[in-house]
Amino acid sequence: MTAEPVHRVLVVDAEPQIHRLVALLLGEGYSVDGATDAEQALDHVHHTPYDVILIDTELPEVSGFDLLRKIRKLAPELAVILLTVRATVQAAVQAMRLGALDYLSKTVSADELRAAVNRAADHGSLTREVRRLRSEVERARGLVRLIGESPPMRQLIALVERVANSDATVLIIGESGTGKELLSRTIHRIGPRGDKPFVAFDCSALAPSLLEAELFGHEKGAFTGAGKARRGLFREAHGGTIFLDEIGDIAPSVQNKLLRVLQEREIKPVGGDQFVKVDVRVVAATNKDLKALVAKSAFREDLYWRLAVVPIQVPPLRERREDIPLLAAHILTRRRGAAKTFAGAEARYPTKISPGAMARLGAYHWPGNIREMENVLSRAAILCDGGEIRSDDLDLVGLSETAAPAGPEIELQAVDAAAGRPLKVVVEQAVRSVERQAIGKALELCGGSPTKAAKRLGISRASIYNKIREYSLQSGSSGEPSRS
């Protein structure tokens, strides 16, 4: 039974038998392949996971230094050693600057060669391990930023984990303020492109002619005011991810060019006559119904299907009310940290919410979603007296008539250490209290009609009937069929 090789080594030298000599010098335990030019070498690297590559500086057509540059782009973690007949200080410095781990004379002894190969292989292995661990840490950090324990959020987080590992184009659909950009950053951060650029752009911010130049770049003099050439956002994001927000607002002319980018992975700058290859993952987002726009011929159907390879629907806040206590705690804790950073360690910033205030937050319909919630809590924290946000500190438009009465006291902090209760228990108690009060009040205001109460609260009829049974609430006689 043949033992697995200690290291896989590729030798690139114009002499076809040099790799056999290197194999003899290294001895048993090393798998050594050979390539006689840069093209063969790149083909080998593309198909085989080598630990170390030895490159002769005097290659035909493409020098060893030029091949080193190509290797660094194709396989940045691959350890490279340059070999030369005429070693010079200048060449050694250049080799190190280009990323070579060693620069050896071809007259090197077997022991020196073996030691250099082992050092290079160990360095490459350590680099890969560091990247793997960093990826795991970033994955954990990214998912932690998605706050929520409700069923819709658990489903969303599970989908994000699966999608992030692929390179598929993603279309994020959701109302304004639901956190679509945060979701796109999470997909990028925990995916294989996490250490590459992330470029975000609002497609509704510019006129079509300027939008095209912003995305794809332009040549000098391409239009009035183009005093110098510009690379464009797609080239800025090369190797990483570009996030195109409000994708439903782009004009037909830009839609055509974007479709080509997704199909051919190439762009043509405005005023240019050549296409430029780009390697970019596209994540788009919209708060519009793109299918409806397609039906009206306002959005290209083929572009829609290119964008929606993996569609992700972000639930509005009113459909994940269970997460409101968690989100409130997170927002206030984060704002308190920012206030301390800005105003010093003694800055006062409340992190508690009174029962009445929590009931109002839970009963509100949140048309602006999480963005509105951040605004409401930031304002309340600034204007409130003391260390607790109360009901009358909240500026919630149109909620005064639906505010629920105060329930059991709930202190919202990152961890309820004072009472010794786990945060999950605090959240569950808060949610049940808020839901029962809000539904009871809505039924009272709607004359006992579950259908009207469901519409008022922004939930489905099935949901309100389930909650009525769960909390043993009484619905009035409104002529609706009973579901008991």
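The values are calculated or read from the model by the stated rules, or taken from the named source; none is laboratory data. Computed from a predicted model, the values in this text were never measured in an experiment. For neighbour counting, all protein chains shown are included, and Cβ atoms are generated from backbone atoms with ideal geometry for every residue, glycine included.
Before moving on, here are some points about what is shown:
- Among the residues listed as Leu326, Leu307, the single one being modelled with pLDDT of 90 or more and surrounded by 22 or more Cβ atoms within 10 Å (Cβ to Cβ): Leu307
- Filter result for Gly64 (of a type in the set (Gly, Ala, Ser), at positive phi and at pLDDT below 90): no
- Filter result for Asp51 (crowded, with 20+ Cβ neighbours inside 10 Å and free of Cβ contacts under 8 Å to residues at least 24 places away in the same chain): no
- Hits in region 205-236 (condition: touching a helix residue (DSSP H, G or I) at 6+ places or on another chain (Cβ under 8 Å) and either within 26 Å of Val163 (Cα to Cα) or assigned to a helix (DSSP H, G or I) (or both)): Pro208, Leu211, Glu212, Glu214, Leu215, Phe216, Leu233, Phe234
- Those helices (runs of 4 or more DSSP H) lying entirely in region 420-484 with at least 3 residues of a type in the set (Lys, Arg), surrounded by 13 or more Cβ atoms within 10 Å (Cβ to Cβ) and modelled with pLDDT of 75 or more: 450-457
- Candidate set from region 141-164 (those that are of a type in the set (Gly, Ala, Ser) and in a loop (DSSP other than H, G, I, E, B)); member that is farthest from Ala284 (Cα to Cα): Ser150
- Scope region 91-112; condition crowded, with 19+ Cβ neighbours inside 10 Å and in a helix (DSSP H, G or I); matching residues: Ala95
- Of the residues Ala229, Ala251, the single one that is surrounded by fewer than 20 Cβ atoms within 10 Å (Cβ to Cβ), more than 21 Å from Asp273 (Cβ to Cβ) and of a type outside the set (D, E, K, R) is Ala251.
- Taking first residues from region 181-207 that are farther than 21 Å from Ala251 by Cα and partners that are surrounded by 19 or more Cβ atoms within 10 Å (Cβ to Cβ) and of a type in the set (S, T, N, Q), the Cβ contacts under 7 Å between residues at least 6 apart in sequence or on separate chains come to His188/Thr241; Arg193/Thr241; Phe198/Thr241.
- Condition check for Thr88: of a type in the set (S, T, N, Q) and within 24 Å of Ser125 (Cβ to Cβ): no
- Taking residues in region 14-28 that are on the phi > 0 side of the Ramachandran plot, and partners anywhere that are surrounded by 15 or more Cβ atoms within 10 Å (Cβ to Cβ), the pairs with Cβ atoms closer than 9 Å and at least 6 places apart or on different chains are Gly27/Arg114.
- Count of residues meeting criterion [of a type in the set (D, E, K, R) and not in a loop (DSSP other than H, G, I, E, B)] in region 165-188: 3
- So Ile370, is it at pLDDT 90 or above and either in the same structural domain as Gly440 (by TED's automatic domain parsing) or within 27 Å of Ala442 (Cα to Cα) (or both): yes
- Any chance Ile157 is within 26 Å of Glu319 (Cα to Cα), among the hydrophobic types (A, V, I, L, M, F, W, C) and modelled with pLDDT of 90 or more: no
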